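Each remark here refers to the structure printed beneath this line.
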Amino acid sequence: MQATEAQRAVAAAMSIASSLELRVDDAIVLNDSNKLTLRLLPCDVLARVAPVAEQVALFEIELAQRLAEAGNPVAALAPRVEPRVYERDGFVVTLWTYYEPVAPEVLSPADYAYALERLHAGMRKLDVPTPHFIDRVESAQQLVANRDHTPALADADRDLLSNTLRRLRRAIDERRPAEQLLHGEPHPGNVLNTKNGLLFIDLETCCRGPVEFDLAHAPEEVSEHYPGVDQDLLRECRILVLAMITTWRWDRGDQLPNGRQLGTEWLGQIRAALGRKALDTHN
């Protein structure tokens, strides 16, 4: 968030928490991107704050409740307040349990895979309306095609992203893989290592698709411990996901720190991955 917007977001979260009789003297920023993640002290509650126009908070808390109640590995909502979406000064705020991180900081690939497998098993039991992962691909395609929203993207890089998104979308669709409810972005930044084990956060990205789409967000070693993976599909999903997140880094409104630098690096990784894929196909 921009500095002035972030200040207002912090004030909104602190005000809401105080109105709920939680003691709040300070707020520590844990993450700052399109939304703000805060640790409120001394009540030790986690607040997630987003502009009203850019959130699906109600869907996220309802899904988190259902998964947590069934014993799935997801972060729980704050137990001392009503589990709902709070709104103030143009922001929505949700309140969650704060989990003190435990060592090691590097997640075990086997534990990561087991936690994700458990999450997927729990998600298969839910029937909730969610977008399809192809909808997210289409969103990236539209962004690439919009020069006003991606003005710094060079023509050659624009063609690379556009062609990659189109071809891999078609290739995955032609495979007709089994699909289910997915986390959507279970990358390491959305996994907490707690005394209760690994827990997933940020469920607002949930979508339907093959489990390989979720695995494509995790380190490669994780898929080695996940049963029944279609390795060819996973390779395609990894390049597709890389093309998607690279596209988002070139959005003129992207607020990820070092986003443009990452976008440049990832363009190189896409070219390298496509080169390896072409070589494997030729052999």
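The values are calculated or read from the model by the stated rules, or taken from the named source; none is laboratory data. Model, not experiment: these values are computed from the prediction. Cβ coordinates were reconstructed from backbone atoms using ideal geometry, including for glycine residues, and neighbour counts include every protein chain displayed. Side chains included, ligands, DNA and RNA excluded: accessible areas come from the protein's heavy atoms. Shrake-Rupley method; radii C 1.70, N 1.55, O 1.52, S 1.80 Å.
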Worksheet item: In the range 25-35, what residues are assigned to a strand (DSSP E or B) and either under 14 Å from the mean Cα position of the chain (by Cα) or of a type in the set (Asp, Glu) (or both)?
Response: Asp25, Asp26, Asn31, Asp32
Discussion item. Suppose we filter Val52, Val29, Val45 for residues that are touching a Gly at 6+ places or on another chain (Cβ under 6 Å) and of a type outside the set (D, E, K, R); which single one remains?
Written reply: Val52
Discussion item. Of everything in the range 161-181, what is assigned to a helix (DSSP H, G or I), surrounded by 11 or more Cβ atoms within 10 Å (Cβ to Cβ) and not β-branched (Val, Ile, Thr)? Give them in sequence order.
Written reply: Leu161, Ser162, Asn163, Leu165, Arg166, Arg167, Leu168, Arg169, Ala171, Asp173, Arg175
Discussion item. Can you find a residue that is in a helix (DSSP H, G or I), farther than 25 Å from Leu36 by Cα and without any contact (Cβ under 8 Å) to a residue 40 or more places away in the chain anywhere in the range 209-218?
Written reply: yes
Worksheet item: What are the residues in the range 255-278 that are within 12 Å of Ala243 (Cβ to Cβ) and either surrounded by fewer than 16 Cβ atoms within 10 Å (Cβ to Cβ) or not aromatic (Phe, Trp, Tyr) (or both), if any?
Response: Gly263, Leu267, Gln269, Ile270, Arg271, Ala273, Leu274
Discussion item. Quick check on the range 151-160. Is at least one of its residues crowded, with 19+ Cβ neighbours inside 10 Å, at pLDDT 95 or above and under 20 Å from the mean Cα position of the chain (by Cα)?
Written reply: no
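Every residue, every condition in (1) closer than 23 Å to Ala11 by Cβ; (2) of a type in the set (Gly, Ala, Ser); (3) part of a helix (DSSP H, G or I), yes or no:
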site	(1), (2), (3)
Leu40	yes, no, no
Ala64	no, yes, yes
Leu67	no, no, yes
Val102	no, no, no
Worksheet item: Which ones in the range 58-73 are among the hydrophobic types (A, V, I, L, M, F, W, C) and open to solvent by 10 Å² or more (accessible area, probe 1.4 Å)?
Response: Leu58, Phe59, Ala68, Ala70
Discussion item. Among the residues in the range 38-55, are any at pLDDT below 95, in contact with a Leu (Cβ under 8 Å, 6 or more places away or on another chain), within 25 Å of Leu256 (Cβ to Cβ) and acidic (Asp, Glu)?
Written reply: no
